[in-house]
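K.L.:
Got a structure here, written out as structure tokens. Questions coming.
The values are calculated or read from the model by the stated rules, or taken from the named source; none is laboratory data. Quantities reported herein were computed from a predicted structural model and do not represent experimental measurements. With ideal geometry, Cβ positions are generated from the backbone for all residues, glycine too; neighbour counts draw on all protein chains shown.
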Amino acid sequence: MASVTMTGVRKTFGSTVALERLDLEIESGELVCLLGPSGCGKTTALRVLAGFERPDAGQVHVGGSDITLVPTERRGFGMVFQEYSLFPNMTARANIEFGLKVQKVAPAERRSTLERLLTVTALTEHADKFPHQLSGGQKQRVALARALATQPRLLLLDEPLSALDAKVRESLRDEIRRVQREFGVTTVFVTHDQHEALAVADRVGVMSNGLLEQLDPPRILYTAPRTPFVTGFVGSVNRVGATAAGDGRYTVLGRTLPGIVAASSTGGGKAAVRPEQIALDRDPAGQARVLDASFLGPITRVRLRDEREGDVIADLMSADAADLVVDAVVRLRLRDDVESVVIL
Amino acid sequence: MKRGDVLRWVLIVTVTLYFAVPMLAMARFAFQVVPVALLTPDRIFEGWSVSGLVDALGEPAFHEAAKTSLLLAVFAGILNLSLLLPLAIAIELRAQHLKGLLTTITLLPWVIPPIALVVGVAATFRSIAPWFLASPYSLVPFYALWAMPFTYRALDAGLRSINAKTLYEAGRSLGASSRTILWRVLMPNLGASLIAASVLTGALVLGEYAFASLLLKNTLPTYLEVYQGGEPRAGMALALAVMLLTALMLWIVVRIMRRRGLDVSAAAGAV
């Protein structure tokens, strides 16, 4: 297991800047998700780590040694790709053993590693099947086992779940997390799906336009986004008016409370308020009108139009929203348990 | 039946007749020794014989020409693959942006007429290496060039269908050298494409007339042409036999590629 440091990594393709200047530190045994829209540079960052792309500038250190110029095959990393990358001419077993054979691992050791991986990934009964006989989820489990077989110092996952359907995606996501913990392997997981990233990662790095916007544990990323981009990209957010009340406090939706000023705040007098931080008071003198309400099981998502704040989304416990009808007049307020707001 | 169905059947029948009638006429001429003028409905089953074909197959000159053509097919196939396989793999793995250029270049042999190629190349070799043009195997480079569009497309379709680039990267991430990946991963999965490319080259060489005739070489097609002048029936029978053999080869290719789940229309699309 090893820690990973990327310092000042820059990569361009022709006139396109894929990575502006990436500084990233990953601790040993940690699972870090790189999250961002397509074209944000997350895949390039992973390919630089894997050694498939050589950075124009900057260094990559793994376990303390500079590997910037070390070719892929001598890095000793495992990788799982978005497209199924199993060797079609080999059975699941042979695929998993491939890396061990290349490294000339003794047959007895090879077999015990294989058995352990087959058990961990619940593939024992599929070991002698060829890739075209396996389902998408099974193929990615074989790919995961194959990547772990050589005991990599670093595991790289390039959108490993994107080709799968929703149900398989969720169960495999949890399985990846379980296996990653069991092996304790430092892991970089690239995805464009925020739910995936928030659910699986120790820390999530949000990327945009070749820059790392914020790298934090999911909870902090969600409650204290540092840039407008992160605020908008992770979860839904309402932008409502905020007036400074002095002493680092702001008045938002009628309540005055401490404000966390985002690192790149433009001082535009807006606060980011999550839909679940809003409560509705039934008040005939209120300024907001219900546009519609969607029942989503435990919660109900209500869209409102407020005379001052514009369109606002509020997520209420479904029990609290049972009486809300279209055109009902209400007043918006912050829930009592909200202790601070992010000032954009 | 809907109107679309009617139209479809009319098309199928028309096309079938367009191909089948001349071939049936050829077959009748080749195997029925009854002049058309004397052919009445009650004599339709009279005088059928394969003796013409048997005679034609027994000619030593035919064996010679057939052997030349088969060897040409093998050599052209080997030359073609040894040039295009490394190139196609390198482009797919390392320089995908050059793919468009390569696709255009590999189509050139079909844009340049054989006569232009032969005149140009023959003039060059006649002055620098006249011995080269004396051998029938001087046709090998011409045929390799001529078959390039087929070969390249079969290889390219194969590489794309196995997702060669990802397999290569997966192999490297597992510590394998490029050579190991080439022999243990890429080649075994390209088997169907290699067979398709070779058989297509073979089929092309067995039917190529222009180059051989222009360079005065005795190959199967040029032999057929000469032989038919003296023995019209037997010549026709032989031509039919060669045609059937070629069709059989192509059918086998399609079968192999289907079984390997390859996109036949893409791989053999150039046919």
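K.L.:
Identify, please: which residue in region B:177-192 is at the interface with chain A (Cβ under 7 Å from one of its Cβ atoms) and closer than 17 Å to A:Pro71 by Cα and is, among those, surrounded by the most Cβ atoms within 10 Å (Cβ to Cβ)?
P.N.:
Step one: filter region B:177-192 for residues at the interface with chain A (Cβ under 7 Å from one of its Cβ atoms), giving B:177, B:180, B:185, B:188-189.
Cutting the leftovers down to closer than 17 Å to A:Pro71 by Cα gives us B:177, B:180.
Values: B:Ser177: 14, B:Thr180: 17.
So the residue we want is B:Thr180.
K.L.:
Mind listing just one residue for me: the one in region A:97-107 that is under 18 Å from A:Arg75 (Cα atoms) and of a type in the set (A, V, I, L, M) and, of those, nearest to the other protein chains (Cβ to nearest Cβ)?
P.N.:
A:Val102
K.L.:
Condition check: surrounded by 15 or more Cβ atoms within 10 Å (Cβ to Cβ), under 24 Å from B:Arg160 (Cα atoms), in the same structural domain as B:Ala147 (by TED's automatic domain parsing) and within 22 Å of the chain's Cα centre (by Cα). Does B:Thr201 satisfy that?
P.N.:
Yes.
K.L.:
Looking at B:Ser193, B:Ser173, B:Ser178, B:Ser161, which is the one that is among the hydroxyl-bearing types (Ser, Thr, Tyr) and in contact with a strand residue (DSSP E or B) (Cβ under 7 Å, 6 or more places away or on another chain)?
P.N.:
So the residue among B:Ser193, B:Ser173, B:Ser178, B:Ser161 that is among the hydroxyl-bearing types (Ser, Thr, Tyr) and in contact with a strand residue (DSSP E or B) (Cβ under 7 Å, 6 or more places away or on another chain) is B:Ser173.
K.L.:
Sort through B:Leu174, B:Leu238 and tell me the only one that's buried (at least 22 other Cβ atoms within 10 Å of the Cβ) and either modelled with pLDDT under 80 or within 14 Å of chain A (Cβ to nearest Cβ) (or both).
P.N.:
Working: B:Leu238 fails: either modelled with pLDDT under 80 or within 14 Å of chain A (Cβ to nearest Cβ) (or both).
Unique residue meeting the criteria: B:Leu174.
K.L.:
So, in region A:16-52, of the ones that are within 14 Å of another protein chain (Cβ to nearest Cβ) and either surrounded by fewer than 19 Cβ atoms within 10 Å (Cβ to Cβ) or hydrophobic (A, V, I, L, M, F, W, C) (or both), which residue ends up farthest from A:Val200 (Cα to Cα)?
P.N.:
A:Thr16
K.L.:
Using the structure shown, decide if B:Gly202 is modelled with pLDDT under 85 and away from every other protein chain (no Cβ under 14 Å). Please lay out each step first, then the result.
P.N.:
On the way: modelled with pLDDT under 85: no; away from every other protein chain (no Cβ under 14 Å): yes.
The answer is no for B:Gly202.
K.L.:
For the structure I just gave you, tell me whether A:Val326 is exposed (fewer than 15 other Cβ atoms within 10 Å of the Cβ) and in contact with an Asp or Glu (Cβ under 7 Å, 6 or more places away or on another chain).
P.N.:
yes
K.L.:
On to the next question. Please work out which residue is nearest to the other protein chains (Cβ to nearest Cβ), limiting yourself to region A:130-157 and to residues that are part of a helix (DSSP H, G or I), touching a residue at least 60 places away in the same chain (Cβ under 8 Å) and not hydrophobic (A, V, I, L, M, F, W, C).
P.N.:
The qualifying residue nearest to the other protein chains (Cβ to nearest Cβ) is A:Arg146.
K.L.:
Which of the residues that make up region A:85-96 are more than 8 Å from every other protein chain (Cβ to nearest Cβ) and hydroxyl-bearing (Ser, Thr, Tyr)?
P.N.:
Correct list: A:Thr91 only.
K.L.:
For A:Glu73, indicate whether it is in contact with a helix residue (DSSP H, G or I) (Cβ under 7 Å, 6 or more places away or on another chain), surrounded by fewer than 18 Cβ atoms within 10 Å (Cβ to Cβ) and within 14 Å of chain B (Cβ to nearest Cβ).
P.N.:
Working: in contact with a helix residue (DSSP H, G or I) (Cβ under 7 Å, 6 or more places away or on another chain): yes; surrounded by fewer than 18 Cβ atoms within 10 Å (Cβ to Cβ): no; within 14 Å of chain B (Cβ to nearest Cβ): yes.
Considered against the rule, which asks whether it is in contact with a helix residue (DSSP H, G or I) (Cβ under 7 Å, 6 or more places away or on another chain), surrounded by fewer than 18 Cβ atoms within 10 Å (Cβ to Cβ) and within 14 Å of chain B (Cβ to nearest Cβ), A:Glu73 comes out as no.
K.L.:
Just one of A:Leu100, A:Leu117, A:Leu86 is buried (at least 20 other Cβ atoms within 10 Å of the Cβ) and either assigned to a loop (DSSP other than H, G, I, E, B) or basic (Lys, Arg) (or both); which is it?
P.N.:
Within the list A:Leu100, A:Leu117, A:Leu86, the selection yields A:Leu86.
K.L.:
Taking only region B:158-181 into account, find how many residues are in a loop (DSSP other than H, G, I, E, B) and more than 16 Å from A:Leu154 (Cα to Cα). Spell out the reasoning first.
P.N.:
Here is the first cut: in region B:158-181, the ones in a loop (DSSP other than H, G, I, E, B) are B:162-163, B:174-177.
Keeping just the survivors that are more than 16 Å from A:Leu154 (Cα to Cα) gives B:162-163, B:176-177.
Result for region B:158-181: 4.
K.L.:
Just to be sure, is B:Phe75 among the aromatic types (Phe, Trp, Tyr), modelled with pLDDT under 90 and in a helix (DSSP H, G or I)?
P.N.:
On the way: among the aromatic types (Phe, Trp, Tyr): yes; modelled with pLDDT under 90: no; in a helix (DSSP H, G or I): yes.
No.
K.L.:
Can you tell me which residues in region A:131-154 are over 23 Å from the mean Cα position of the chain (by Cα) and either of a type in the set (A, V, I, L, M) or modelled with pLDDT of 90 or more (or both)?
P.N.:
Across region A:131-154, the qualifying residues are A:Leu134, A:Arg146, A:Ala149.
K.L.:
Specify the residue that is nearest to the other protein chains (Cβ to nearest Cβ); the eligible residues are those in region B:142-167 that are surrounded by fewer than 23 Cβ atoms within 10 Å (Cβ to Cβ) and among the hydroxyl-bearing types (Ser, Thr, Tyr).
P.N.:
Here the residue is B:Thr166.
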